[in-house]
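Read through the structure below, which is laid out as structure tokens, and then see the notes.
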Amino acid sequence: MYNVYSLIGCRPNLKKAKYYSQFHEDEALFKNYFNDPTICGGLYVEIGALDGITYSNTKFFEDNLNWTGVLIEGHPDNAEKLAKNRSRKRNVIIQEAVCPEGQTYVNFSGAKAVGGISVAANR
């Protein structure tokens, strides 16, 4: 389902567009699947959104094609930066982490792209 932007189309300036993904995933997706610039307004879900910019697989689509979506980041430091870097008007931002059933506490170590869960336990 497309939002209202898809009904009127858009004309993004793709010559000035910036890609953000670590290994050009956003560029490959755009060029191979979503390269019709008259259709905008898709939806995305990004799990492990970091700060919303670094290695983002979705920021290109938000900035250039008026996409909206859900951004999920469990690490508290990254989630705080994510909330500052990406619009809550265009995104649902969720600070949650996935852990095994019955575990209610998650401890993170490291930061940025090298951070991760170090302990998941009941509390």
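Things worth noting here:
- Here is how the number arises for the chain: DSSP H runs of 4 or more residues each give -39500 (n - 2.57), the sum is divided by the residue count, and the result at 222 nm is -6500 deg cm²/dmol.
- Val70 long-range amide H proximity, modeled H, under 5 Å: Tyr44, Val45, Glu46, Val92
- Convex hull of alpha carbon positions in the chain: directionally averaged projected area 8.6 nm².
- Helix 76-85 axis, angle to the chain major axis (alpha carbon atoms, nearest 10°): 20
- Taking 14 Å as the straight-line reach from the Cα of Lys16, the aspartates and glutamates in range (excluding those fewer than 8 positions away in the same chain) are Glu27, Asp63.
- The Phe34 and Asn107 beta-carbon pair, evaluated with R₀ = 35 Å, returns a calculated FRET efficiency of approximately 0.40.
- Protection proxy ranking of 45-56, 95-106, 76-87 - average other beta-carbon atoms within 10 Å, highest first: 45-56, 76-87, 95-106
Values in this text are rule-based calculations from the coordinates and carry no lab data. Computed from a prediction, not measured in an experiment: that's the story for all the values here. Cβ coordinates were reconstructed from backbone atoms using ideal geometry, including for glycine residues, and neighbour counts include every protein chain displayed.
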